[in-house]
Amino acid sequence: MSPTARAVLGASISALLTLCVHPASRPFMTGVVSRAPTSRLANCIDSNSPNLAPPTTLSEASLWMEAAAHRIVHRGTLTEKEQSTLVGIADAAAAKDKVNPYWLEMKTVFLANGGDLDKATDAWIEASARPLWNDYQSPRWMQARSSLSALTNVKESWQLAYLYYSRSDDIYFSIRGAAEQILSRADYQTEHGLNVRYATLLNADVLRLKSHSTKSCIAALDIIDLTTYPSNSVLVLYRFAPKKVWTGEMTVLSNLTKVLHQPEKKETASKIYGQAEGWRALTIHDSNDETAEILAFSSVLCSSIAGAFLIVSATGGLIWILGLVVAWRLSGEKKIGPVFAAAVAIFLGGLVAALTNYLPAAIATALCAAFLTVAPERSRHSKPSDLGPLFGFMAIVLGLICSGMFATYLVASTAAANAVLPFLEVPSDFMDKPLLAGLAAVAFGLVMLVAPIWAVVHRLGTPHVLSLALKRFGSFVCAMGLLLSIVLGPLAVYTDRQLESTFNALVNHETLHYELINGPPYPRTDSGPRRAAPGTPPGPGSKTSGR
């Protein structure tokens, strides 16, 4: 080894040791070996608890509301006793939290679900006088984040990504469902009907402004649109119809003055309708979900990619040492004996079979090793160390394939991947099974096939070519993995800090995050029908996809 190579190797090892020892980067170098079960991660979130204790705080009461909303939205039923208990919890919480309409809105949901629409309407109107909406999910997520950090002994952005996708949207859509039932009995012409519609506008506006997720905004905007529909068509499935919405909106605004004789309510309702249009353009974009998915995937990579390539580098070093052992033990041989080739074939074939559970791949890998018995009839006595650029190219290509698959397997098997990737619809086979590790073993098996081919072409002993192939393959994988680990370590630390800041904003107040990025909502200045923003989903009654 030249002095320059020694200096580079020493500097690389020093940099690697620094990254492994420094407390800021150490979790990113060792995160690849994290194996916290997904069930233990899920237990850190209180909404996943199968048993709910009697609530003593508002946060605990919100957990009861969330569980009940999940039952209602997913076609579950509440018994009369359960409904009575939930209404009592909502009343007790509303008495403590007197500025929050959330509890009275959930009381409306339970009463409407039980068929008592008169009492549900009274609670709905009472809720419209309260100005500050809070479902207490965000504080609970921060508490869950602390539990996740304590379980994994590290604070990383993937934990916030996991919590972001764990947020329940059932609350918002259960409220929307209750609003549909109430508005189905509130017509345009009567004072009672208009008062109900005005109260619905106030409730939806507070939900839009004070809740913390884009799904809540979608539900609020749908409720605002519902107030423009005739009572006999509120419960009818429909797609967003700008002309019908605008026509109904003009009717509501006109009747607030003609029937109720309250122009101040018309002014407030007009402002709510106008701002709702700006919020629809601001918050409802397919790119929001796509961006969140990219950020979540990046958080998983940051947590373990540097450590994965460190393990890849160590594996490459072992293969390089194996090449030295082959050159030492079989230096005087012209060919490889059947016993040695059979042992290698059985080992590689069995390894691939165990990892992939696919017999043809195991047989193909075993046959690659079996070809080690092939050797030229007459081989040269010289033992050149350079077999041409094509030989080096083959070793590099196989090294890239093997390293990429093995590193991906290591990342996909971490606690971060098992927690976040299922929300991104990544096939579970890549996380639950060592499939990629098996494919990496198949790629390594091709190295066994390269040796006899080059031995026959160059009339060299197969053991010598095998040792060169192992050393070239192993040294490339070792050097590449070491370099990537050193480069990706600091980069992962920096990127994770940025991702943590972004996901912290998304978990605590997603709508505010997008408002700061895109600017405040714009009011409507024209007098014509509202146009649906690009990518606007169907309105109420359609199937709104959750996270």
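The values are calculated or read from the model by the stated rules, or taken from the named source; none is laboratory data. Remember, it's a predicted structure, so these values are computed and weren't measured experimentally. Cβ atoms come from the backbone with ideal geometry, glycine included; neighbour counts cover every protein chain shown. Just the protein is used for accessible areas: all its heavy atoms, side chains included, with ligands, DNA and RNA removed. Shrake-Rupley method; radii C 1.70, N 1.55, O 1.52, S 1.80 Å.
Which value results when the Cα radius of gyration for segment 89-232 is divided by 2.2 N^0.38 Å? Don't jump to the answer; show the numbers that get you there.
Numbers: Rg = 17.1 Å, N = 144, 2.2 N^0.38 = 14.5 Å.
My calculation over the Cα atoms of segment 89-232 gives 1.18.
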Q. Can you give me the pair-distance distribution of segment 266-363, C-alpha pairs, 10 Å bins, whole percents?
A. 11, 17, 21, 15, 10, 9, 7, 6, 3, 1
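Peptides 361-368, 36-43, 194-201: what's the order by average Cβ count within 10 Å, highest mean first?
Values: 361-368: 20.0, 36-43: 14.5, 194-201: 22.5.
Output ranking for 361-368, 36-43, 194-201: 194-201, 361-368, 36-43.
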(Q) Please compute the Kirkwood hydrodynamic radius of segment 1-147 from all pairs of different C-alpha atoms, in Å with one decimal. (A) 19.1 Å
(Q) Taking the Cα centroid of segment 452-490 and of segment 1-80, what is the distance between the two, rounded to the nearest whole Å? (A) 37 Å
Q.
Please list 3J(HN,Hα) in residue order for segment 372-379, calculated via the Karplus relation 6.51 cos²θ - 1.76 cosθ + 1.60 where θ = phi - 60°; whole Hz, with x for glycine and proline.
A. 4, 6, 6, 8, x, 4, 10, 10
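Rounded, prolate or oblate: which fits segment 407-449 when a ≥ b ≥ c are the square roots of the eigenvalues of the alpha-carbon gyration tensor, with rounded for a/c under 1.5 and prolate only if a/b beats b/c?
Working: a/c = 3.91, a/b = 2.82, b/c = 1.38.
Prolate, because a/c is 1.5 or more and a/b exceeds b/c.
Hey, what's segment 46-137 come to in accessible area per residue, 1.4 Å probe, Å²?
Details: 4480 Å² over 92 residues.
It amounts to 49 Å² per residue over segment 46-137.
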Q | Over the chain: helical MRE at 222 nm, DSSP H runs n ≥ 4 each giving -39500 (n - 2.57), nearest 500 | A | -24000 deg cm²/dmol
Q: Can you give me the P(r) profile for segment 369-513? Cα pairs, bins 5 angstrom wide beginning at 0, each as a whole percent.
A: 2, 9, 13, 14, 13, 12, 10, 8, 6, 5, 3, 2, 2, 1, 0, 0
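As an exercise, identify the trypsin sites (Lys or Arg not before Pro) in segment 272-379 lying in DSSP coil whose Cβ has no more than 13 other Cβ atoms within 10 Å.
On the way: sites: ARG280, ARG329, LYS334, LYS335, ARG378; in loops: LYS334, LYS335, ARG378.
Answer in residue order: ARG378.
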Q.
Which order do the peptides 222-231, 304-313, 12-21 come out in when sorted by mean C-beta neighbours inside 10 angstrom, highest first?
A. 304-313, 222-231, 12-21
Q | 25 °C / 0.890 mPa s Stokes-Einstein diffusion coefficient of the chain, Kirkwood radius on C-alpha pairs, µm²/s | A | 89 µm²/s
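Measure off, as a whole percent, the carbon and sulfur share of the 1.4 Å-probe accessible area of the chain, all protein chains present.
Roughly 63 percent, rounded to a whole number.
Take the Cβ-Cβ distance between GLU290 and LYS155 as r, set R0 to 30 Å, and report the resulting FRET efficiency rounded to the nearest 0.05. It would help to have the intermediate numbers written out before the result.
Values: r = 26 Å, r/R0 = 0.87.
FRET efficiency, GLU290 to LYS155: 0.70.
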Q: Multiply the residue gap between ALA92 and LEU132 by 0.36 nm, knock off their C-alpha separation, and tell me the result in nm, one decimal place.
A: 12.7 nm
Q | Length-normalised contact order of the chain in % [C-alpha pairs under 8 Å, at least 6 apart] | A | 22 percent
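Measure up LYS107/LYS215; LYS210/LYS244; LYS81/LYS244; LYS210/LYS433; LYS119/LYS215 against 32 Å on the Cα-Cα distance and list the ones that go over. The partial results should precede the final answer.
Values: LYS107/LYS215 21 Å; LYS210/LYS244 28 Å; LYS81/LYS244 41 Å; LYS210/LYS433 43 Å; LYS119/LYS215 27 Å.
Long pairs (Cα-Cα over 32 Å): LYS81/LYS244; LYS210/LYS433.
Within 10 Å, count the other beta carbons around each residue, average over each peptide in 69-77, 449-457, 159-167, 102-110, and list them highest first. Before the final figure, lay out each step's value.
Numbers: 69-77: 14.8, 449-457: 20.9, 159-167: 25.1, 102-110: 28.1.
Ranked from most to least packed, the peptides come out as 102-110, 159-167, 449-457, 69-77.
Where Lys and Arg each count +1 and Asp and Glu each count -1, what net charge lies around PHE391 among other residues with Cβ under 12 Å from its Cβ? Don't jump to the answer; show the numbers that get you there.
Working: positive: LYS471, ARG472; negative: ASP386.
Spelling it out: positives minus negatives among the neighbours equals +1.
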